[in-house]
Amino acid sequence: MANTSDSISHRHDHHDWDSDEYVSNWAKGQDPKEKDRHAAFTLLADTIPFSKDRPIRILDLGAGYGALTQFLLNRFPNATAICQDGSKEMAKLGAERMRNLTGRFEYVLCDFARAGWNEKLKGSFEAVVSSIAIHNVREPKIIEAIYHDVYPLVKTGGCFLNFDRSRPPWEDQMMWLRATGFKRVKIFWQGESRAVFGGFKDT
């Protein structure tokens, strides 16, 4: 994203999330890949430690156009979601694509690569999730800081689950999650270049 005074920028990100044309073309390129994410999304949903009928609150980090949010809200019909993203254009696209779920989600614009981003999110969540987003930060120290910032957003008994690439290596990321305070940290699903990993905030 461009680093302008009226936009929220991912300073370490190579994508142009402020561009309507770029976001639209990027999303179209992602659409054919959604079917390949079904297994990971299903495992992620099944790992959330609450029954499907519970009215849980979900926070989707780097939610983009809402692919994971949409999947989880359909799996948890009484849940609501906060979609955190740094792109106004992506939030607009997500709102359009999830019109059928209006009233059950809202977008909060902030950049998780910048200190203090979590202060814009009110309350806590039974599940904090992310899908193919955090690796875009690229800087290991900032990713470690994101995990540290996530921990207080998770309700006791809840979880943080990240479906992402192995950049930085998953072993490093799981080490950071353990150091932050998450318990039972592990890889729950693993593909060729992506995995679902995370942990729980135990009582």
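Pull out all pairs, ordered by first then second residue, where Cβ-Cβ is under 8 Å, the residues are six or more apart or on different chains, the first lies in the stretch 35-53 and is in contact (Cβ under 8 Å) with a residue 60 or more places away in the chain, and the second is surrounded by 15 or more Cβ atoms within 10 Å (Cβ to Cβ) and among the acidic types (Asp, Glu).
Hits for this filter: Ile48/Glu126; Phe50/Glu126.
Report every pair of residues separated by at least 6 positions or lying on different chains whose Cβ atoms are under 9 Å apart, first residue within the stretch 170-189 and touching a residue at least 24 places away in the same chain (Cβ under 8 Å), second in a loop (DSSP other than H, G, I, E, B) and among the hydroxyl-bearing types (Ser, Thr, Tyr).
If the second residue must be in a loop (DSSP other than H, G, I, E, B) and among the hydroxyl-bearing types (Ser, Thr, Tyr), the pairs left are Gln173/Ser166.
Which members of the stretch 66-81 meet the condition of being over 11 Å from Thr42 (Cβ atoms), of a type in the set (A, V, I, L, M) and not in a loop (DSSP other than H, G, I, E, B)?
Listed by number, the residues that qualify are Ala67, Leu68, Leu73, Ala81.
Do you know which residues across the stretch 142-191 are out of contact with any His (no Cβ under 6 Å at 6 or more places or on another chain), part of a helix (DSSP H, G or I) and polar (S, T, N, Q)?
If we filter the stretch 142-191 for residues that are out of contact with any His (no Cβ under 6 Å at 6 or more places or on another chain), which is where we start, we get 142-163, 166, 168-179, 181-191.
Still in the running and part of a helix (DSSP H, G or I): 142-153, 170-179.
Within the stretch 142-191, just Gln173 meets the criteria.
Out of (1) in contact with a Ser or Thr (Cβ under 8 Å, 6 or more places away or on another chain); (2) surrounded by 20 or more Cβ atoms within 10 Å (Cβ to Cβ); (3) over 17 Å from Gly64 (Cα atoms), the odd one out for Met174 is which?
Met174 satisfies every listed condition except (1).
Could you tell me whether any residue of the stretch 6-21 is more than 23 Å from Ala115 (Cα to Cα), polar (S, T, N, Q) and modelled with pLDDT under 95? Step through it out loud before you land on a result.
Keep residues of the stretch 6-21 that are more than 23 Å from Ala115 (Cα to Cα), which gives 19-21.
Then drop every residue that is not polar (S, T, N, Q), which leaves 19.
Then keep just the ones that are modelled with pLDDT under 95; that gives 19.
Yes, the stretch 6-21 contains at least one residue that is more than 23 Å from Ala115 (Cα to Cα), polar (S, T, N, Q) and modelled with pLDDT under 95.
Give all pairs with beta carbons closer than 8 Å in which a residue from the stretch 98-110 that is touching a residue at least 60 places away in the same chain (Cβ under 8 Å) meets a residue that is assigned to a loop (DSSP other than H, G, I, E, B); count only pairs at least 6 apart in sequence or on separate chains.
Leu109/Ile8; Leu109/Gly86; Leu109/Ser87; Cys110/Ile8; Cys110/Gly86; Cys110/Leu121
With (1) surrounded by fewer than 22 Cβ atoms within 10 Å (Cβ to Cβ); (2) out of contact with any strand residue (DSSP E or B) (no Cβ under 6 Å at 6 or more places or on another chain) as the list, and Ala113 as the residue in question, which single condition is left unmet?
(1) is the only condition that Ala113 fails.
With the requirement that a residue be more than 26 Å from Asp53 (Cβ to Cβ) and either surrounded by 24 or more Cβ atoms within 10 Å (Cβ to Cβ) or out of contact with any strand residue (DSSP E or B) (no Cβ under 7 Å at 6 or more places or on another chain) (or both), what does the stretch 80-94 give you?
Residues of the stretch 80-94 more than 26 Å from Asp53 (Cβ to Cβ): 85-93.
Passing the criteria: Asp85, Gly86, Ser87, Glu89, Met90, Lys92, Leu93.
Restricting the stretch 136-154 to residues that are surrounded by fewer than 16 Cβ atoms within 10 Å (Cβ to Cβ) and without any contact (Cβ under 8 Å) to a residue 60 or more places away in the chain, which is farthest from Ala67 (Cα to Cα)?
Among those residues, the one meeting the criterion is Lys141.
So which of Val129, Val108 is assigned to a strand (DSSP E or B), surrounded by 23 or more Cβ atoms within 10 Å (Cβ to Cβ) and either at pLDDT 95 or above or not basic (Lys, Arg) (or both)? Can you show your working first?
Values: Val108 fails: surrounded by 23 or more Cβ atoms within 10 Å (Cβ to Cβ).
From the options Val129, Val108, the qualifying one is Val129.
The values are calculated or read from the model by the stated rules, or taken from the named source; none is laboratory data. It should be emphasised that the depicted structure is a prediction, and the values quoted were computed from it without experimental measurement. Note that we place each Cβ from the backbone using ideal geometry, even for glycine, and neighbour counts take in every protein chain shown.
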